[in-house]
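S.K.: Sharing a structure, written as structure tokens. Questions coming.
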Amino acid sequence: MSKLRGGLIQMGLKGSTSESPSAIRDKMIAAHLPLIDEAGKQGVQVLCMQEVFTQPYFCPSQDKKWYAAAEAIPDGPTTKLMQEYAKKYSMVIVVPIYEEAMPGVYYNTAAVIDADGSYLGKYRKTHIPHVAGFWEKFFFKPGASVWPVFQTAYCKLGVYICYDRHFPEGWRALALNGAEYIVNPSATVAGLSEYLWKLEQPASAAANGVYIGAINRVGTEGPWNIGEFYGQSYFVNPRGQIEKQASRDKDELIVHDMDMDMIREVRDTWQFFRDRRPETYGRLTDLN
């Protein structure tokens, strides 16, 4: 039976939002490295952290100070460091960070690094919210996605980021492009979102016959205090069943073995891809 060992890291903010982005980055990296080491020791094959994992969720601020948090991909310090760890442990690492494409052009991005340390590419968040407390259009340009799927050493891997998860079209596009396992690094707080957290991604896993790894941060972040980041990162299987889940409030690495044979089994039982009628769906993109 084919197994894929996945790892997800959720974490609260280290340091203070009054510090510089570079100082916070140093503290967040330092806090993550022991968990990355632990993932390597446990034989994790694909590891993912939370959305913009080296920084606070700064979008409530609308403060241009945070532009200094952005880094180049793949030539920035965080991607380079994660390449070293990927190679050290023969581990695929998904690296969600704030990307500077050029001065004044910034994206919410995840770099994908293969198990030999090579840089495979990146996914830029496609759907950008702009509502109270989540003023993301101030910080992020929308990605022009072609729904990349990365052929890693261990699986065909897709990435969707946080608010993207509310849009079923991207999950379907990633699955049609061959994704077997999709990670969704997020930063989401208690309220309506918490109910949806355990509804949308299991439904998407079942609708598309894929595994999904959902990652959320933990704790509260001042001075904005938009709510509690409620953790509960999890793995969900192609039947839509949550197989393993993290705590609500702790820094944590969770490790889980996914039965990749289930993908074929589920798709051969629920023939959603065979029974699709794309020739009837034109109206979905005609309505703007």
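Please treat every number below as a calculation from the coordinates, not as lab data. Remember, predicted model here, so these are calculated numbers, not experimental data. In this analysis, Cβ positions are derived from the backbone assuming ideal geometry, glycine residues included, and neighbour counts consider all displayed protein chains.
S.K.: Ranking 233, 145 by Cβ neighbours within 10 Å, fewest first, what do you get?
M.R.: Fewest-to-most Cβ neighbours within 10 Å comes out as 145, 233.
S.K.: A further question follows. Among 17, 232, 142, flag the residue with its Cα farthest along the positive direction of the charge dipole of region 3-277, charges on Cβ as +1 for Lys/Arg and -1 for Asp/Glu.
M.R.: 142
S.K.: For the chain, set up a Gaussian network in which alpha carbons nearer than 10 Å are linked by springs, and say which option among 56, 148, 223 fluctuates the most.
M.R.: 223
S.K.: Right, something else. Of 156/244; 27/250; 88/198; 27/156; 87/198; 14/156, which pairs sit farther than 28 Å apart, going by alpha carbon to alpha carbon?
M.R.: The answer is 88/198; 27/156; 87/198; 14/156.
S.K.: Just for the Cα atoms in the chain, what are the lengths along the principal axes, largest first, rounded to whole Å?
M.R.: On the principal axes, the chain reaches 53, 47, 34 Å in Cα extent.
S.K.: Normalising by the residue count of region 3-277, find the relative contact order in percent from Cα pairs under 8 Å and 6+ residues apart.
M.R.: Contact order relative to length: 20 percent.
S.K.: Pulled fully out, how much extra length does the chain show between residue 116 and residue 203, if you take 0.36 nm times their separation in residues and subtract their Cα-Cα distance?
M.R.: Working it through step by step, the gained length comes to 28.0 nm.
S.K.: Follow-up. Using r as the Cβ-Cβ distance of residue 268 and residue 30, and R0 as 45 Å, what FRET efficiency do you calculate, to the nearest 0.05?
M.R.: With a Förster radius of 45 Å, E is 0.45.
S.K.: Counting only complete DSSP H runs, which helices of the chain cover 24 Å or more along their long axis at the Cα atoms and score a mean Kyte-Doolittle of -1.0 or above?
M.R.: Span-like helices here: 21-41.
S.K.: In nanometres, what is the gap between the two model label sites at residue 192 and residue 67, each 7 Å from Cα along Cα-to-Cβ?
M.R.: 3.2 nm
S.K.: Take the alpha-carbon centre of region 58-78, take the same for region 224-288, and report the distance between them in whole Å.
M.R.: Using only Cα atoms, the two centres lie 28 Å from each other.
S.K.: How much length is gained if the chain between residue 137 and residue 243 is pulled fully straight, taking 0.36 nm per residue apart and subtracting their Cα-Cα distance, in nm to one decimal?
M.R.: So the extension gain works out to 34.7 nm.
S.K.: Nearest 20 debye, what's the magnitude of the dipole of the chain about its Cα centre given +1 on Lys and Arg Cβ and -1 on Asp and Glu Cβ?
M.R.: Here the chain has a charge dipole of around 280 debye.
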